[in-house]
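Working notes for the structure below.
The values are calculated or read from the model by the stated rules, or taken from the named source; none is laboratory data. Here the structure is a predicted model, which means the values were calculated and not measured. Heads up, the Cβs are rebuilt from the backbone with ideal geometry, glycines too, and the neighbour counts pull from every protein chain shown. Keep in mind that these areas ignore ligands, DNA and RNA; they rest on the heavy atoms of the full protein, side chains included. Shrake-Rupley method; radii C 1.70, N 1.55, O 1.52, S 1.80 Å.
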Amino acid sequence: MKNRWNDTEEKTFEGPLGECTYASRLLGSERSLVLHGGGNSSIKRRGKNVFGDDIDVLWVKASGWDLAQMEPDGFAPLDLDRIRRLADLEELSDLAMANELRAAKLDASAPDPSVEAIIHAVITDRAVLHTHPDALLAISSTTDGRDRIEEIYGDRVVIVPYARSGFRVGRATAVELVRNLSADTVGIVLMNHGLFTFGDTAHEAYDRMIGLVTEAERYLAGSAASEEARGSVGAIPNVDRSDLARLRLEISKAAGKPFIAHRHIDEVSLAFSRRDDLESIASRGPITPDHVIWTKTVPMFGRDIAGYADRYRAYYERNKDRASATRMLDPAPRVILDDQFGMVTAGPDVGAADAAGDIYLQTIGVIEQAERLDGYTALPPEDFFDLEYWELEQAKLDRVAETGEFTGEVAVVTGAASGIGRACARELLDRGAAVIGLDISPTVGDTFDDTAFLGIPCDLTSAEATSDALDAGVGRFGGVDMLVAAAGLFPESAPIADHDPVAWRRAMAVNVDAFVQLLSFLHPLLVLAPRKGRVAVIGSKNVTAPGPGASAYSASKTAANQIARVAALEWAKDGIRVNSVHPDAVFDTALWTDELLAERADRYGLTIDEYKRRNLLSIEITSADVARVVAELLGDRFSRVTGAHVPIDGGNDRVI
Ligand code: ZN
């Protein structure tokens, strides 16, 4: 591992915490050190309390801050002596410990300190750094891992047997330091967890961190564990998107709520998923219990997710006396490995499903190295259970569970790059849904900077393009729960006497043919939606109140409307609801330029403002207004409504 310390760069980090901030960022930028944002740092300084007394202050990284993005604000100042004394206690619950850490803050407005603060306190050196290096995890995940670590480092590290994060590992570290600290000690190895290094300065601690990790990497490179060339995995198996949606439904049933499922088809995941020994290797447990909650892993046992949930419940029943928290977590797996699917990662929202993917991808690398070294060995299942049912870990899950109305669900929105389609996508994202946005516009991918949005340029009149786009969308999020059909074509006005067959056919192709085709593609997915599928169709005032010159638009929109009504009839037995909205005079869309608005207003002898409010309620109607009604129709409040037609036009006497 390269030592990236640069004195010039370091000088740009000013203030008393600058050096530690810089060291934190350097470590945070090494992916193989900080699996999923792990690791922390601290520095001890003299300070004064409110009485003017000199005291020792431990500035320790706050929990929730990522090392790679550290700022001085991300450190919490703690009363060092008070924290150090905690390690003398025989027993302390982790909730009580977390309370003590908060109570020891010297600034009440500072963020809450890392749960590993006790370890930072019991190390007497001024600067302390902590990471979770892949290389060290691989070496410790073998039967004689401890011997190997002793062989590599000798007296330079103190080894602490695995103990759960929080108070237990803090106390265990203090005990081992008293017993084994020598003049040569520059670090502490926490078995199956990570590495601490320390020194007078953050620079010294950093150099030692890189040095020790490099030795572990060299040890692996010089052994049988060095990377073998991974054979090509060949073609990516073509999985039917309905099969993936069915898998997601099973996961969601086990979770008791809709889950996002992300299929990973990179070479690493695919090759791992096809190992002959997959069932053995992937069921031994994660590389560190700290990951257990994110990576409950199932090698696909005949794709029997329901069976997995039952086994999980039984496992919980057998072990629940050990749990420090008593609530059973949902038995849904988070990582599913299968030779055809590859790796599928799941979670209550896109962020959680992606986090499981990130962690497990790195896990694969560590497992493979340990396996080549001496056979991958995880801690006994009790330790995993212990951590999974740890009160602080459950509190973490509760934070993840803060959800929106549609969290865990997936919507397809057509015409998502602009106008009403874009507003609907925005509204659904805001309410927690993941959105697959389809649009003829090549820029649809950039519509929202949000991992829950996947924009795919797609000509919906092409069956092949539409099918490919749905494959990509379902691969990303696992299924489809909702459709908002907003894509439409508004041909130029022309009287019937001037009928243009090309323009007519084009309107029909987009507004009717593509729409019915999309519905037919989506039905097999909507029937697999955990909370039943829903469709919202963006119609038009013209369905009931056509205007002269708009024969192609009015006729095509009316045909689509009739299709929506038939779908409501046909799909009711599947629990799928189909409702339509009929907007009129929505002027904040690409259709309406300032010039066009001025021209129309002028034609009626009105100001633009008056023209926009030309309806019974005399109010303006925006895309966002339409989107809110659409979201309500898709939501639970309308769970007993299908086949409805809701005008959104401020009231129109021709429609009423
Ligand atoms: Zn750690």
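Over all directions, how big on average is the projection of the convex hull of the alpha-carbon atoms in the chain, in square nanometres? Intermediate values should be presented prior to the final figure.
Numbers: hull surface 142.4 nm².
Approximately 35.6 nm², given one-decimal rounding.
What do you get when you divide the Cα radius of gyration of the range 1-83 by 2.2 N^0.38 Å, with N the number of residues? Let's see the in-between values first.
Values: Rg = 14.0 Å, N = 83, 2.2 N^0.38 = 11.8 Å.
Here the answer is 1.19, to two decimals.
If packing is taken as the average number of other Cβ atoms within 10 Å across a peptide's residues, how do 519-526, 185-192, 563-570 rank, most packed first?
Values: 519-526: 19.5, 185-192: 22.9, 563-570: 17.1.
Sorting 519-526, 185-192, 563-570 by mean packing, highest first, produces 185-192, 519-526, 563-570.
Please report the accessible area of Arg505 (heavy atoms, 1.4 Å probe, ligands and nucleic acids excluded) in Å², nearest 10.
120 Å²
What aspartates and glutamates does Lys48 reach when the alpha-carbon gap must be under 13 Å and sequence neighbours fewer than 8 apart in one chain are set aside?
By straight Cα distance, Lys48 reaches Asp56, Asp79, Asp107.
Which entries in Lys61/Lys320; Lys253/Lys557; Lys253/Lys541; Lys257/Lys541; Lys253/Lys573; Lys11/Lys61 show an alpha-carbon gap greater than 29 Å?
Working: Lys61/Lys320 33 Å; Lys253/Lys557 38 Å; Lys253/Lys541 40 Å; Lys257/Lys541 37 Å; Lys253/Lys573 20 Å; Lys11/Lys61 20 Å.
Over 29 Å apart, Cα to Cα: Lys61/Lys320; Lys253/Lys557; Lys253/Lys541; Lys257/Lys541.
Using Cα atoms only, what is the angle between the long axis of helix 167-180 and the major principal axis of the chain, expressed in degrees (0 to 90) to the nearest 10?
30 degrees
Sequence gap at least 6, Cα distance under 8 Å: using those rules, report the relative contact order of the chain to the nearest whole percent.
Numbers: 1236 pairs, mean separation 66.6, N = 656.
Relative contact order for the chain comes out at 10 percent.
So what are the range 141-229's ellipsoid semi-axes, whole angstrom, largest first, if each one is the square root of 5 times an eigenvalue of the alpha-carbon gyration tensor?
Values: eigenvalues 102, 58, 28 Å².
One finds semi-axes of 23, 17, 12 Å for the range 141-229.
Find the Cα radius of gyration of the range 52-190, compare it with 2.2 N^0.38 Å by division, and give the number to two decimals.
On the way: Rg = 15.7 Å, N = 139, 2.2 N^0.38 = 14.3 Å.
So the range 52-190 has a normalised radius of gyration of 1.09.
Ordering Val175, Val435 by accessible area with a probe of 1.4 Å, largest first, what comes out?
Values: Val175 45, Val435 0 Å².
Descending accessible area places them as Val175, Val435.
I need to check one value: relative contact order of the range 7-222, counting alpha carbon pairs closer than 8 Å and at least 6 residues apart, in percent.
Values: 383 pairs, mean separation 44.5, N = 216.
RCO, the range 7-222: 21 percent.
Once neighbouring chains are kept in place and the probe is 1.4 Å, which whole percent of the accessible area of the chain is contributed by carbon and sulfur?
On the way: 13950 of 27740 Å².
Answer for the chain: carbon and sulfur cover 50 percent of the accessible area.
Measure nothing but the geometry: give the 0 to 90° angle between the long axis through the Cα atoms of 18-28 and the longest principal axis through the Cα atoms of the chain, rounded to 10°.
Long axis of 18-28 versus the principal axis of the chain: about 70 degrees.
How many angstrom lie between the Cα centre of the range 7-42 and the Cα centre of the range 413-491?
39 Å
Find the centroid of the Cα atoms in the range 617-637 and in the range 545-606, then give the distance between the two in whole Å.
Measuring centre to centre over Cα atoms gives 14 Å.
Based solely on C-alpha atoms, express the radius of gyration and the Dmax of the range 402-447 in angstrom.
Cα radius of gyration and Dmax of the range 402-447 are 10.4, 35 Å respectively.
Each residue of the range 102-110 in turn: what ³J(HN,Hα) in whole Hz from Karplus with 6.51, -1.76, 1.60 and θ = phi - 60°, glycine and Pro shown as x?
So the J values, rounded to whole Hz, are 5, 5, 8, 5, 8, 9, 4, 8, 5.
Only bridges whose two residues both fall in the chain count here: according to DSSP, what percent of them are antiparallel, nearest 5? Intermediate values should be presented prior to the final figure.
Details: 36 of 73 bridges.
Restricted to the chain, the bridges split so that about 50 percent are antiparallel.
Tabulate in residue order the Karplus-calculated ³J(HN,Hα) for the range 444-457, using 6.51 cos²θ - 1.76 cosθ + 1.60 with θ = phi - 60°, rounded to whole Hz; enter x for Gly and Pro.
4, x, 9, 4, 10, 8, 7, 5, 7, 10, 10, x, 10, x
In whole angstrom, note down how far apart the Cα centers of the range 353-379 and the range 61-139 are.
Centre-to-centre distance over Cα atoms comes out at 27 Å.
Taking Lys532 as the anchor, which aspartates and glutamates have their alpha carbon closer than 12 Å to its alpha carbon, excluding any fewer than eight residues away along the same chain?
Straight-line reach from Lys532, under 12 Å: Glu409, Asp481, Asp574, Asp636.
Could you tell me which of Ala624, Thr143, His130 has its Cα farthest along the dipole of the chain towards the positive end, charges placed at Cβ (Lys, Arg +1; Asp, Glu -1), taken about the Cα centre?
Ala624
Could you tell me which trypsin sites (Lys or Arg not before Pro) in the range 109-199 are loop residues by DSSP with no more than 10 other beta carbons within 10 angstrom of their beta carbon? Walk me through the intermediate numbers first.
Numbers: sites: Arg126, Arg146, Arg148, Arg156, Arg164, Arg168, Arg171, Arg179; in loops: Arg126, Arg164.
Nothing satisfies the criteria.
Taking H as built 1.01 Å from N, whose amide H comes closer than 5 Å to the amide H of Leu483, not counting residues under 5 places away?
Long-range HN contacts for Leu483: Val412, Arg534, Val535, Ala536.
If you place +1 on the Cβ of every Lys and Arg and -1 on the Cβ of every Asp and Glu, how big does the dipole about the Cα centre of the chain come out, in debye to the nearest 20? It would help to have the intermediate numbers written out before the result.
On the way: 70 positive and 101 negative charges, 374 e Å.
The dipole magnitude comes to about 1800 debye.
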